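To start, the structure itself, in structure tokens.
The values are calculated or read from the model by the stated rules, or taken from the named source; none is laboratory data. Bear in mind that the values here come from a model prediction, so they are computed numbers and not experimental data. Cβ sites come from the backbone with ideal geometry, for glycine too, and all protein chains shown count toward neighbours. In case anyone asks, the SASA skips ligands and DNA or RNA and just uses the protein heavy atoms, side chains included. Shrake-Rupley method; radii C 1.70, N 1.55, O 1.52, S 1.80 Å.
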Amino acid sequence: MNIKTLQQAFLKSIPVLAGYLTIGIGFGILMRNAGYGVFWTIAMSVFIYAGSMQYVGVTLLTASASILTTAITTIMVNTRHLFYSISMIDTYKDAGAYKPYMIFALTDETYSLLSDGKTPDDIDASQYRFLVSLFNHSYWIIGSILGNILGSVLPFPTTGIEFSMTALFIASFVEQWLTTKNHMPAIIGLVCTILSLLIFGRENFLIPAMLFITLALTLIRNRMEDTI
Amino acid sequence: MNSAILILTMSLVTIFLRFLPFLILKKEPPAYISYLGKVLPPAIIAMLVIFCLKDMTILAYPYALSEIIAAACVIVAQVWKRNSIMSILIGTIVYMILIQIIFV
């Protein structure tokens, strides 16, 4: 392991450090409030390693959801990872032994750091990307452990901390809105989901919403292709 | 035991999604898939916002005011500073204060 590569990878990962610690702590507290201790928290952060899915996952665990519901919800929440992977096929093609872990650890944040395909000069690019992925994963695990342990000793009540998940999605929504020109997909997402909620009720609306969204986006494809 | 199975399910499905393109695609994905790759993420985020807000009580006191005010804070903070972590922290703190102290 080259010290310079390690150093460069750490510097690159610093923007994610603060974010993953904060959101990880939020996740750890949610798990504590739902009655799950450090063992379960670590298991989720190590083996799932997908922030929004883990927040939704707490809800699935406490509701004792079925395996089918859990699988379909995971597909919906994490579909975007398909597209991160698609766009990294070329960048990751020579990563060799590092490749499986790098694919496993391709989160939103890691993708945003590595998607430009650039790496510092004079270092092993694959090792560098592997280390950035590993640093980010470790921040996430450390954050969630901290939250899970500190959640029970905090000097104030944590009621309402679950809003951090809502805030996370609202912030992403606003950020997407500000960085895209065509807002049709976002509007379709809102309208289809609200319709689905009104028709199917709050227990069963997610799967129909996902189908409505995919159908609507497919139907307007011809009109959209020129504007995105 | 049930929790372990659900966590395993979430883990395996996530791994499957992340690996699938590397396993089946060699170079360029089909045009329809690329199109979905561009338009699905904003739509799914919108869906998740609604999913999070699905249990709001709109038609009775306090008329979901905590959620509305906290969500407005997140939106304003994000438009203003473009710093997601800060927006999330502000919104969550505002929400906790509102439901713990104001709209008890």
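Overview of values
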| item | result |
| --- | --- |
| Qualifying residue in region A:75-90 (condition: in a helix (DSSP H, G or I), open to solvent by 30 Å² or more (accessible area, probe 1.4 Å) and either more than 11 Å from every other protein chain (Cβ to nearest Cβ) or under 30 Å from A:Val153 (Cα atoms) (or both)) | no |
| Single residue of region A:1-27 satisfying the filter (open to solvent by less than 40 Å² (accessible area, probe 1.4 Å) and more than 15 Å from the chain's Cα centre (by Cα)) that is farthest from A:Leu154 (Cα to Cα) | A:Thr5 |
| Cross-chain or 6+ apart pairs with Cβ under 7 Å, region A:207-219 first and more than 13 Å from A:Ile187 (Cα to Cα), then open to solvent by 40 Å² or more (accessible area, probe 1.4 Å) and in a helix (DSSP H, G or I) | A:Ile207/A:Ile72; A:Pro208/A:Phe200 |
| Qualifying residue in region A:176-189 (condition: of a type in the set (Lys, Arg) and either assigned to a helix (DSSP H, G or I) or at the interface with chain B (Cβ under 9 Å from one of its Cβ atoms) (or both)) | no |
| Check on A:Met31, buried (at least 20 other Cβ atoms within 10 Å of the Cβ) and within 7 Å of chain B (Cβ to nearest Cβ) | no |
| Residue pairs meeting the criteria (Cβ under 9 Å; at least 6 apart or on separate chains; first in contact (Cβ under 8 Å) with a residue 12 or more places away in the chain and within 9 Å of another protein chain (Cβ to nearest Cβ), in region B:88-104; second in a helix (DSSP H, G or I) and open to solvent by 60 Å² or more (accessible area, probe 1.4 Å)) | B:Ile90/B:Val76; B:Gly91/B:Ile75; B:Val94/B:Ile69; B:Tyr95/B:Ile69; B:Leu98/B:Leu65; B:Leu98/B:Ile69 |
| Qualifying residue in region A:100-110 (condition: within 22 Å of A:Tyr139 (Cα to Cα), modelled with pLDDT under 95 and acidic (Asp, Glu)) | yes |
| Of residues in region A:183-201 being over 23 Å from the mean Cα position of the chain (by Cα) and not hydrophobic (A, V, I, L, M, F, W, C), the one farthest from A:Val77 (Cα to Cα) | A:Gly201 |
| Residues located in region A:203-227, provided they are facing chain B (nearest Cβ under 9 Å) and within 23 Å of the chain's Cα centre (by Cα) | A:Phe205, A:Leu206, A:Ala209, A:Met210, A:Ile213, A:Thr214, A:Leu217 |
| B:Ser66, sole failed condition from (1) farther than 21 Å from A:Thr59 by Cα; (2) of a type in the set (Ser, Thr, Tyr); (3) in the same structural domain as B:Gln100 (by TED's automatic domain parsing) | (1) |
| Set B:Ile33, B:Ile44, B:Ile50: member being open to solvent by 20 Å² or more (accessible area, probe 1.4 Å), without any contact (Cβ under 8 Å) to a residue 12 or more places away in the chain, within 13 Å of the chain's Cα centre (by Cα) and facing another protein chain (nearest Cβ under 9 Å) | B:Ile50 |
| Residues of region A:37-53 satisfying the condition of being assigned to a helix (DSSP H, G or I), hydrophobic (A, V, I, L, M, F, W, C) and either touching a residue at least 12 places away in the same chain (Cβ under 8 Å) or farther than 20 Å from A:Met102 by Cβ (or both) | A:Val38, A:Phe39, A:Trp40, A:Ile42, A:Ala43, A:Met44, A:Val46, A:Met53 |
| Matching residues in region B:60-87 - criterion: being small (Gly, Ala, Ser) and at the interface with chain A (Cβ under 10 Å from one of its Cβ atoms) | B:Ser66, B:Ala70, B:Ala71, B:Ala72, B:Ala77, B:Ser84, B:Ser87 |
| Residues located in region A:164-201, provided they are among the polar types (S, T, N, Q), within 18 Å of B:Ile90 (Cβ to Cβ) and open to solvent by less than 20 Å² (accessible area, probe 1.4 Å) | A:Ser164, A:Thr166 |
| Filtered residue count, region A:127-163, keeping only those that are small (Gly, Ala, Ser), open to solvent by less than 10 Å² (accessible area, probe 1.4 Å) and in a helix (DSSP H, G or I) | 4 |
| Some residue of region A:136-148 being touching a residue at least 40 places away in the same chain (Cβ under 8 Å), more than 9 Å from every other protein chain (Cβ to nearest Cβ), within 30 Å of B:Ile99 (Cα to Cα) and touching a Lys or Arg at 6+ places or on another chain (Cβ under 8 Å) | yes |
| Given (1) among the polar types (S, T, N, Q); (2) within 11 Å of chain B (Cβ to nearest Cβ); (3) without any contact (Cβ under 8 Å) to a residue 60 or more places away in the chain, index of the condition A:Ser133 fails | (2) |
